1. Using θ = phi - 60° and the Karplus curve 6.51 cos²θ - 1.76 cosθ + 1.60, what whole-Hz ³J(HN,Hα) does each residue of region 558-571 get, with Gly and Pro shown as x?
2. Which order do SER395, SER374 fall in if you start with the one that has the fewest other Cβ atoms within 10 Å?
3. Which trypsin sites (Lys or Arg not before Pro) does region 298-394 hold that lie in a coil by DSSP with at most 12 other beta carbons within 10 Å?
4. Using each residue's phi in region 394-408, evaluate 6.51 cos²θ - 1.76 cosθ + 1.60 at θ = phi - 60° and report the 3J(HN,Hα) Karplus result to the nearest Hz, with x for Gly and Pro.
5. Among ASP533, ASP266, ASP369, which comes first, then next, by fewest other beta-carbon atoms within 10 Å?
6. Name the shape class, rounded, prolate or oblate, that the alpha-carbon gyration tensor gives for region 317-387, where a ≥ b ≥ c are the square roots of its eigenvalues, rounded holds for a/c under 1.5, and otherwise prolate holds if a/b is larger than b/c and oblate otherwise.
7. Sort out for me the Cα centre separation of region 273-326 from region 527-591, rounded to whole Å.
Amino acid sequence: MGVPRFWPAATVRPPLMLRSPRQRASRSTQDAATAVRRSLERPSRLAPLAPQDEVVGVQNHTPRPRRSGPVDGPLTALVVDPLTTPARAPILDDGVITRRSTTLPPCLRLLLGAGLVLGAPGAVGAQEGGLGLRAGTAPTPVASELPRGAGPVRKGRPPQLRRTRPATSAVTRPPLRGSVARDVEAAVQPSLVGLPDRPAPAAPSLRRKAPEEDPWAPLGWRMGGLTILPGIEQSIGYDTNPNRVDTGAKGSAVHRTEAEVRLRSDWSRHALTGALRGSYSAYPGVDGANRPEGEGVLALRLDALRDTQIDLESRFRLDTQRPGSPELGAEVRNRPIVATLGASAGVTERFNRLSIGLRGSVDRFVYEDARLTSGTTLDQGDRELTQGTLRLRGSYEPTPGLIPFVEASVDTRVHDRSVDRSGLRRDSTGLTARVGTTFEMTRTLTGEVAAGYQARDYEDPRLRELRGPVGEAALIWAASPLTTVRLRGAALLEETTIPSASGAVTARGTLEVQHDLRRNLSVTIGGTLAETDYDGIRLREETRAGSVRVDYKLTRSVALRASFTHERLTSTSPGSDYTANVYLVGLRFQP
């Protein structure tokens with residue numbers, strides 16, 4: 001490392017890199033101040049200061065923003081004579097120096113390169129002739145020449161100063177590196193000029209919580225990867241025709257208790273869903289009118305392989321027969337129970353967008369014996385049967401959300417008794433073909449629609465073949481954020497024990513419109529149409545029903561419910577018509 005030429009031999013010291021940065025900065029400042037004082041004492045280098053000279057400014061010819069660090073560009077000192085300089089001469093904020101030379105010596109240039117400004121009071125360094133040194137920011141650029149033609153100024157009168165910050169304000173700066181030659185400094189580290197301050201770290205952004213779909217929906221119970229949603233409802237009201245009879249109808253108060261449990265899984269693979277609902281209606285004013293109702297389904301999907309899926313399902317349904325049903329053929333005192341149990345298993349293989357599935361199911365139908373008004377019992381064991389079904393289904397997905405399919409199935413119905421009460425063999429075999437589609441259109445219309453044709457051949461030749469259209473439909477339409485429309489429909493061929501009738505062709509449909517007046521207040525209006533036509537005889541029944549229900553949710557767990565239902569049945573069989581009105585008010589609890 002080279003030594004600056006203005007340092008005396010006695011001031012040569014070991015390289016500054018052997019000291020710490022703070023020591024190097026302090027030593028460099030002291031050495032530079034000593035060199036300035038000695039250079040000012042040399043007549044050959046700088047002329048002594050004259051009494052009439054005044055300090056007015058130091059200028060850097062290269063304008064630049066304020067910064068700390070070395071000053072680049074040639075530096076000059078402005079010399080002003082008080083007799084020829086106007087009182088409004090430009091004065092620098094950081095101090096001035098008056099010299100008779102217009103070019104600074106190398107020592108001052110090095111001193112200013114270290115970030116020091118001459119002429120500030122209270123500075124560190126030499127005190128000779130009132131000269132001070134202090135650390136400060138880079139000077140503000142000024143004109144290199146004073147205005148010409150200025151008038152004389154009275155001798156000894158100091159020039160007027162601009163209004164600036166107080167001279168006594170404290171000025172601080174971080175420790176500086178020792179001043180070294182420009183070529184050595186460039187070799188060690190390049191000068192960085194005009195770098196902006198490091199921005200303060202931004203405050204962590206808080207992710208907005210996604211709004212809940214239904215803030216009034218019950219939370220349920222979490223058990224591992226399963227969510228269980230139980231519920232119980234207690235209602236009281238009045239029924240104008242509990243037994244659904246044509247003549248002699250007697251109204252009664254009704255107490256209904258309903259309970260349900262829903263189940264869904266939250267697994268990364270496979271899926272388990274279930275729903276179980278049961279109710280019991282008690283009529284204190286009418287004997288034999290009490291009746292239970294219930295249904296349930298449990299479905300398990302196993303993702304065996306990437307493109308292989310196994311589906312398992314079990315189901316049941318519990319209902320009662322009305323006393324005036326043509327299937328009974330006599331006056332009864334109770335409502336016989338009808339139970340349906342079933343299970344199915346299937347496998348589906350996907351070939352890109354093409355899916356082929358095979359499914360087998362078994363269903364069991366059980367009928368309770370009826371108690372007649374005469375005190376005897378009507379045996380219904382001849383109606384109990386077991387049905388087995390095998391179905392093949394193929395589907396293709398041309399676009400996401402639309403999956404048309406075609407399916408064919410074959411089934412057999414085997415009765416526990418080969419001959420019924422009328423002496424007919426009702427075992428049969430059926431063939432069914434259907435086409436349909438499942439769809440999801442912009443999340444506003446979802447569901448499945450299927451339609452087809454079924455033919456059933458009976459073992460007894462006296463029963464003619466039963467044919468008719470079959471199908472299913474389940475649609476959900478979100479008409480608006482506050483209105484939801486649900487449509488369910490089915491057409492099927494059912495068994496019967498009415499003499500000379502091969503079977504019954506049944507079609508039913510239900511439409512519900514739910515509108516939310518508020519988030520926790522909704523009104524539901526529904527209607528049902530059903531028609532049953534018995535093949536082989538002139539017997540037809542039509543059922544119409546309408547309902548209005550209001551649900552008011554007090555909390556997530558507690559809700560009030562009020563409903564009104566009107567039912568009417570019209571039949572070609574004498575004594576089978578009825579009309580009933582049901583009024584209910586209840587409280588529902590869902591933990």
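FYI, it's all coordinate maths here, none of it is from the lab. Worth saying up front: this structure is predicted, and the values here are computed from it rather than measured. Neighbour counts run over all protein chains shown; Cβ positions are idealised from the backbone, glycine included.
1. These are the phi-based 3J(HN,Hα) values: 10, 8, 9, 9, 9, 8, 9, 10, 10, 10, 8, 10, 10, 9 Hz.
2. The order, fewest Cβ neighbours first, is SER374, SER395.
3. Sparse-neighbourhood loop trypsin sites (Lys or Arg not before Pro): ARG306, ARG353.
4. Going residue by residue, I get x, 9, 9, 10, x, 9, x, x, 9, 10, x, 8, 9, 9, 9 Hz, with x marking Gly and Pro.
5. With the fewest neighbours first, ASP533, ASP266, ASP369 line up as ASP266, ASP369, ASP533.
6. Judged from the Cα gyration tensor, region 317-387 comes out prolate (a/c at least 1.5, a/b above b/c).
7. 18
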